[in-house]
Amino acid sequence: MSYIDGFVAAVPTENKQKYIEHAKLSAVVFKDHGALSIMEAWGDDIPQGEITSFPMAVKCTDTETVVFSNVVWPSKEVRDAGWAAIMEDPRMHPENNPMPFDGKRLIYGGFEILKMDE
């Protein structure tokens with residue numbers, strides 16, 4: 001059964017190109033360590049909520065854009081081993097691939113995929 005990691009971040013809108021460069025390098029590293037696919041999505045129609053919303057969750061300001069990403073892994077075991085390797089991979093160290101956003105406001109988690117079309 002596949003496994004997925006999901007991420008939501010607030011990225012300074014002026015850093016869009018820097019984010020794309022960061023994400024491209026990160027995708028290579030993730031695939032090198034077992035990920036099947038990576039999807040990055042730049043916010044386009046993200047409503048402000050009254051109680052909850054993506055912008056509220058990441059404390060997005062007027063000069064930032066919400067980004068949604070996911071990484072698909074073949075299994076949780078491959079994901080866990082992949083993450084351990086990614087954290088040690090020098091290509092992901094801040095001096096080599098700095099995050100162009102505030103990582104303290106990044107929301108992430110791992111999810112078991114539920115197949116609805118089977």
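The values are calculated or read from the model by the stated rules, or taken from the named source; none is laboratory data. Everything quoted here is computed from the prediction, not taken from an experiment. No Cβ is skipped: glycine too gets one built from the backbone with ideal geometry, and neighbour counts run over all protein chains shown. For the accessible areas, the whole protein counts, side chains as well, though only heavy atoms, and no ligand, DNA or RNA atoms are used. Shrake-Rupley method; radii C 1.70, N 1.55, O 1.52, S 1.80 Å.
Between a first residue in the range 74-94 that is modelled with pLDDT under 95 and of a type in the set (S, T, N, Q) and a second residue that is in a loop (DSSP other than H, G, I, E, B) and surrounded by 14 or more Cβ atoms within 10 Å (Cβ to Cβ), which pairs have beta carbons less than 6 Å apart while being 6 or more apart in sequence or on different chains?
Hits for this filter: zero, empty list.
Considering the range 88-118 alone, what residues qualify as being open to solvent by 80 Å² or more (accessible area, probe 1.4 Å), under 23 Å from Ala10 (Cβ atoms) and in a helix (DSSP H, G or I)?
Lys104 - this is the single residue of the range 88-118 that is open to solvent by 80 Å² or more (accessible area, probe 1.4 Å), under 23 Å from Ala10 (Cβ atoms) and in a helix (DSSP H, G or I).
Do you know which residues across the range 59-84 are out of contact with any helix residue (DSSP H, G or I) (no Cβ under 7 Å at 6 or more places or on another chain), in a loop (DSSP other than H, G, I, E, B) and open to solvent by 60 Å² or more (accessible area, probe 1.4 Å)?
Across the range 59-84, the qualifying residues are Thr61, Asp62.
Give the residue, chosen from Glu112, Glu64, Glu95, that is among the acidic types (Asp, Glu) and over 20 Å from Ala23 (Cβ atoms).
After ruling out the rest, the residue left standing is Glu112.
Just need a number here: residues in the range 19-57 that are among the charged types (D, E, K, R) and either farther than 29 Å from Asp89 by Cα or in a strand (DSSP E or B) (or both).
4
What are the residues in the range 68-97 that are aliphatic (A, V, I, L, M) and under 15 Å from Ser26 (Cα atoms), if any?
Matches in the range 68-97: Val71, Val72, Ala84, Ala85, Ile86, Met87, Met92.
Out of everything in the range 24-58 that is of a type in the set (Phe, Trp, Tyr) and open to solvent by less than 80 Å² (accessible area, probe 1.4 Å), what residue ends up being nearest to Met1 (Cα to Cα)?
Once the filter is applied, the top-ranked residue is Phe30.
Name, by its number, the condition in (1) farther than 22 Å from Gly110 by Cβ; (2) within 14 Å of the chain's Cα centre (by Cα); (3) of a type outside the set (A, V, I, L, M) that does not hold for Asn70.
(1)
Condition first: in contact with a strand residue (DSSP E or B) (Cβ under 6 Å, 6 or more places away or on another chain) and touching a residue at least 40 places away in the same chain (Cβ under 8 Å). Can you find one or more residues in the range 43-53 that meet it?
no
Being in contact (Cβ under 8 Å) with a residue 60 or more places away in the chain, out of contact with any Leu (no Cβ under 6 Å at 6 or more places or on another chain) and not in a strand (DSSP E or B), is that true of even one residue in the range 7-16?
Checked against the condition, which is being in contact (Cβ under 8 Å) with a residue 60 or more places away in the chain, out of contact with any Leu (no Cβ under 6 Å at 6 or more places or on another chain) and not in a strand (DSSP E or B), the range 7-16 yields at least one hit.
Quick check: is even one residue across the range 17-31 at positive phi and at pLDDT 95 or above?
No, because not a single residue in the range 17-31 is at positive phi and at pLDDT 95 or above.
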